[in-house]
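**Q** Below is one structure. I have some questions about it.
Where a number appears in this text, it was derived from the coordinates with a stated rule and is not lab data. These numbers come from a predicted model, not from an experiment. Cβ sites come from the backbone with ideal geometry, for glycine too, and all protein chains shown count toward neighbours.
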Amino acid sequence: MNEPEFIKVKGMHFFIGEKKYLFIGTNFWYGSYLGLDEKGRERLIRELDNLKEIGITNLRILGASETSYLKNTLQPVFQPEPNIYNENLLEGLDFLLNEMNKRNMYAVIILNNYWEWSGGFLSYNYWTDLVQKVDPENQTNGWKDFMNYSASFYQNEKGNELFRNYVRMLITRKNKFNGKYYFEDPTIMAWQLANEPRPGYSVENIDNQKNYYEWINETAKFIKSIDNNHLISIGSEGVVGSLQIDSIYFNAHKSEYIDYNTFHIWAKNWDWYYPKDPDKTYIKAKEKVIKYYNEHLLLSRKLNKPIVLEEFGLSKDFDNYNVNEKTTYRDDYYKFIFDLVEDSIKVNSAIAGTNFWAWAGEGRNINSNYKWEVGNPFTGDPPHEPQGLYSVFDVDFSTIDILKLHAIKIKNLQE
């Protein structure tokens, strides 16, 4: 099998050598966690084999997590205390990357999180300011206070020093399974600054946009100073994650150190679609998706950079979480998204690939309340969300057939 090559950017497209790189991918954020022990590694190998058979070639994975004072957050973590790193979990990441390398798969590695479920900005802020505790589940201004506190990380010099220490350690790490330093491993497509960073809660926080831009530019510049082999992306949701202002998205992504653009589409989370009332909301939701999709392809053309739809998903019919529930609307939605992408690629647009949210594979919820607890199997849904919400299980055969067909079409479009 040929050794993977580094993915590069030329204008609005990704390339591997002289060949354009297009892909279908998934969010597999918990991959390193499966690499923690022998039983998990056995499952990890089966999951990767299954994904490879489907045609998935790109995995968006978590490469950082931090201890949080909040419940419903990830455990164990990569960084249990400031500047203290979990070698077992890092070896799990080593194992994952080595197995991906064997299958010619590429990884986008997330380095931080605006949201609370893996620690992220909240943990760095708390570590360096032990006075304030913010809880998004607080009934009074919970999410507003949390999102603004999280966005204060951009100006937190001590917190960013800890973050850069972690990033430096990770990029210069030597993989225990193949002896490669991360900075020289072409299995890694890109470093991603954070999962869904935002300038703040709402347009009231517009003055924070300058700090947001500076953090993006300086962090990406720092990474490039250590590793000039790999691409860098922000991890943005798009205009929704930019105070609903397209110029903020544009300005954030025009940094010379940001190689490509990203956007996410969440029809249910953004109140475009109500799974319990699909007849009234599904068609209108699709119209909004098309508008949002086209808006970001146009922005990417203006930026002259590729773009990836790296998160999208839909729950099972009527918001059921169980494994064997129907996926009628989700299947239609996935096909609808993939049709948009295929049509765009045919006219040489900036879209290069997708990562659906999220692959659960063999993972199963085991609690009647659908909550994740430490020691439970991982599904595609993070610990703060109901297990089964957006997960694609290995027995969701109709959804998997749609993934396979899209993978074939993407491969044909690439040739």
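**Q** Going by the conditions given, is GLU184 more than 24 Å from the chain's Cα centre (by Cα), farther than 25 Å from PRO383 by Cβ and not β-branched (Val, Ile, Thr)?
**A** no
**Q** Let me ask something else about it. Residues of the stretch 9-60 being surrounded by 17 or more Cβ atoms within 10 Å (Cβ to Cβ) and among the acidic types (Asp, Glu), which ones?
**A** Within the stretch 9-60, GLU47 is the sole residue that qualifies.
**Q** Kindly indicate the residue of the stretch 368-410 that is touching a helix residue (DSSP H, G or I) at 6+ places or on another chain (Cβ under 8 Å) and among the hydroxyl-bearing types (Ser, Thr, Tyr) and also nearest to ILE56 (Cα to Cα) among those meeting that condition.
**A** Here the answer is THR399.
**Q** Which members of the stretch 135-161 meet the condition of being under 16 Å from TYR69 (Cβ atoms) and in contact with a Ser or Thr (Cβ under 8 Å, 6 or more places away or on another chain)?
**A** GLY159
**Q** Pairs only if they're at least six apart or on different chains, beta carbon under 6 angstrom, first in the stretch 4-31 and free of Cβ contacts under 8 Å to residues at least 60 places away in the same chain, second outside any strand (DSSP E or B) and surrounded by fewer than 19 Cβ atoms within 10 Å (Cβ to Cβ); list them, first residue then second.
**A** Partner pairs satisfying both residue conditions: ILE16/GLU5; GLY17/GLU5.
**Q** Could you look through the stretch 137-195, keep only residues that are surrounded by fewer than 16 Cβ atoms within 10 Å (Cβ to Cβ) and hydroxyl-bearing (Ser, Thr, Tyr), and pick out the one that is farthest from ASN112 (Cα to Cα)?
**A** THR140
**Q** May I pose another question? Determine whether ASN294 is within 30 Å of ASP37 (Cβ to Cβ), of a type outside the set (Gly, Ala, Ser) and free of Cβ contacts under 8 Å to residues at least 40 places away in the same chain.
**A** No.
**Q** Right, here's the next one. From (1) more than 30 Å from LEU314 (Cβ to Cβ); (2) touching a residue at least 60 places away in the same chain (Cβ under 8 Å); (3) outside any loop (DSSP other than H, G, I, E, B); (4) not basic (Lys, Arg), pick out the condition that doesn't hold for ALA190.
**A** Just one mismatch for ALA190, condition (1).
**Q** Continuing with the same structure: Could you check how many residues of the stretch 196-210 are part of a helix (DSSP H, G or I) and surrounded by 18 or more Cβ atoms within 10 Å (Cβ to Cβ)?
**A** Within the stretch 196-210, residues that are part of a helix (DSSP H, G or I) and surrounded by 18 or more Cβ atoms within 10 Å (Cβ to Cβ) number 3.
**Q** So in the stretch 356-379, with the set limited to residues that are assigned to a loop (DSSP other than H, G, I, E, B) and hydrophobic (A, V, I, L, M, F, W, C), which one is surrounded by the fewest Cβ atoms within 10 Å (Cβ to Cβ)?
**A** Step by step, filter the stretch 356-379, then rank; the result is VAL374.
**Q** In the stretch 247-287, how many residues are exposed (fewer than 15 other Cβ atoms within 10 Å of the Cβ), of a type in the set (D, E, K, R) and in a helix (DSSP H, G or I)?
**A** Count: 4.
**Q** For the stretch 1-21, give me each residue that is out of contact with any strand residue (DSSP E or B) (no Cβ under 6 Å at 6 or more places or on another chain) and of a type in the set (D, E, K, R).
**A** If the condition is that a residue be out of contact with any strand residue (DSSP E or B) (no Cβ under 6 Å at 6 or more places or on another chain) and of a type in the set (D, E, K, R), then GLU3, LYS10, GLU18, LYS19 are the ones that fit.
**Q** Here is a follow-up. Consider the stretch 211-226. How many of its residues are touching a Phe, Trp or Tyr at 6+ places or on another chain (Cβ under 7 Å) and buried (at least 20 other Cβ atoms within 10 Å of the Cβ)?
**A** Looking only at that region, the number is 4.
**Q** Please enumerate the residues belonging to the stretch 7-24 that are among the hydrophobic types (A, V, I, L, M, F, W, C) and either in a loop (DSSP other than H, G, I, E, B) or out of contact with any helix residue (DSSP H, G or I) (no Cβ under 6 Å at 6 or more places or on another chain) (or both).
**A** ILE7, VAL9, MET12, PHE14, PHE15, ILE16, LEU22, PHE23
**Q** Ok, one more. Which pairs do you get when a residue that is without any contact (Cβ under 8 Å) to a residue 24 or more places away in the chain and more than 24 Å from THR57 (Cβ to Cβ), found in the stretch 84-99, comes within reach of a residue that is aromatic (Phe, Trp, Tyr) and surrounded by 18 or more Cβ atoms within 10 Å (Cβ to Cβ), reach meaning Cβ atoms under 7 angstrom, with the pair 6+ apart or on two chains?
**A** Partner pairs satisfying both residue conditions: ASN86/PHE78.
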